Amino acid sequence: MMKKTGLILAGVAWLLTGAAAPAASDAFKVCADPNNPPYSDQKGGGFENKIAELFAKELDKKLVYTWFPQRMGFIRNTLKAKEPDSEDYKCDVVMGLPTGYDQAATTKPYYRSTYALVYVKKKGWDDVHSAAALDALPPDRKSKLRIAMFDGSPATTWMLKHNLVEQGVPYQSMTGDATVNTTQTVEKELLAGNIDMAIVWGPMAGYLVYHNKPGTFALIPMPSEEGVRFDYAMSMGVRIPDKARKEQLEALIDKKTTDIEALLRKYHVPLLDKDGKLLTAAEE
């Protein structure tokens with residue numbers, strides 16, 4: 001979960017939109033990254049932006065953002081920060097956090113996903129339809145592979161376990177430069193042919209599919225295995241102990257489950273059920 005684990009990395013600056021912020025009670029105030037596709041951006045193009053819009057409309061409140069790169073200091077400078085000379089917090093909700101994230105009170109999960117193998121089709125790897133097929137490639141083909149390898153990612157553990165680390169091309173999961181987005185970097189490197197494959201968090205893999213011409217990318221969900229966990233549940237986060245707001249969000253998650261799933265499908269996010277089973281479109 002490169003974006004979410006990136007919360008521990010170096011922070012940069014914050015931006016606040018809206019010339020005149022409405023009173024706290026009239027606003028649905030969201031803390032978000034201004035350049036973090038497919039989750040959020042300042043144009044409202046991410047799926048977390050869309051879910052925030054859905055909730056604000058349901059609550060009949062104005063949607064207001066506090067922008068800050070999701071790196072070290074994100075929670076401290078957004079969810080836990082107050083406006084100057086005021087007791088009002090800058091924002092009240094983070095739309096996407098790993099369930100149980102210790103710096104916030106997290107809601108019930110609103111989706112579960114898994115890491116996925118991605119590659120550009122018609123480049124000689126189209127017979128790789130599964131993690132097992134990748135593992136079973138003959139040595140001469142494996143030796144030619146170049147796979148993106150991110151620090152702190154379970155994909156790196158998987159590559160070590162399956163004797164593919166020699167094929168790893170190292171990348172940082174997150175840099176201190178807020179203009180550099182990991183998903184966009186992977187997309188650029190794959191399309192340029194600098195790497196053959198990458199194993200990335202599900203929503204990031206989905207971005208490569210929907211952001212490019214249909215049929216450009218293969219997306220293969222990775223199953224968890226002993227010693228390597230690829231699947232995680234995602235929640236929304238509020239301040240500890242904002243019990244009332246957490247309950248309000250959970251009620252909205254229940255009420256808007258169908259709409260949320262439709263949005264995630266639109267963004268090609270691989271979805272799992274609560275037992276870790278991959279959901280087909282019909283089951284979603």
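The values are calculated or read from the model by the stated rules, or taken from the named source; none is laboratory data. Small disclaimer: the values here were computed from a predicted structure and weren't measured. We place every Cβ from the backbone using ideal geometry, glycine too, and count neighbours over all the protein chains shown. These area figures cover heavy atoms from the full protein model, side chains too; ligands, DNA and RNA do not enter into them. Shrake-Rupley method; radii C 1.70, N 1.55, O 1.52, S 1.80 Å.
Once each part is reduced to its C-alpha centroid, what is the distance from the stretch 233-259 to the stretch 191-214 in angstrom? So the two Cα centres are separated by 30 Å.
In the chain, the DSSP beta bridges split such that about 65 percent are antiparallel, to the nearest 5. Here the chain is treated with +1 on each Lys and Arg Cβ and -1 on each Asp and Glu Cβ, and its dipole about the Cα centre works out to around 300 debye. In this structure, the amide hydrogen of residue 168, modeled 1.01 Å from its nitrogen in the peptide plane, lies closer than 5 angstrom to those of 147, counting only residues at least 5 positions away or on a different chain. Pairs over the 31 Å Cα-Cα cut-off, from the set 90/274; 29/121; 57/90: 90/274; 29/121. Only aspartates and glutamates eight or more places from residue 246 in sequence, or on another chain, were considered; those with a Cα closer than 19 Å are 26, 48, 53, 58, 60, 88, 92, 102, 254. Entry comment: accessible area of the stretch 39-145 is 45 Å² per residue, from protein heavy atoms only and a probe of 1.4 Å.
Measuring nothing but protein heavy atoms, the accessible surface of the chain at 1.4 Å probe radius is 53 percent carbon and sulfur.
Using just its DSSP H runs of length 4 or more, each adding -39500 (n - 2.57), the chain gives a mean residue ellipticity at 222 nm of -7500 deg cm²/dmol after division by all residues.
Rg over Rh for the stretch 34-95 works out to 0.98, both radii taken from alpha-carbon positions and Rh defined as the Kirkwood radius.
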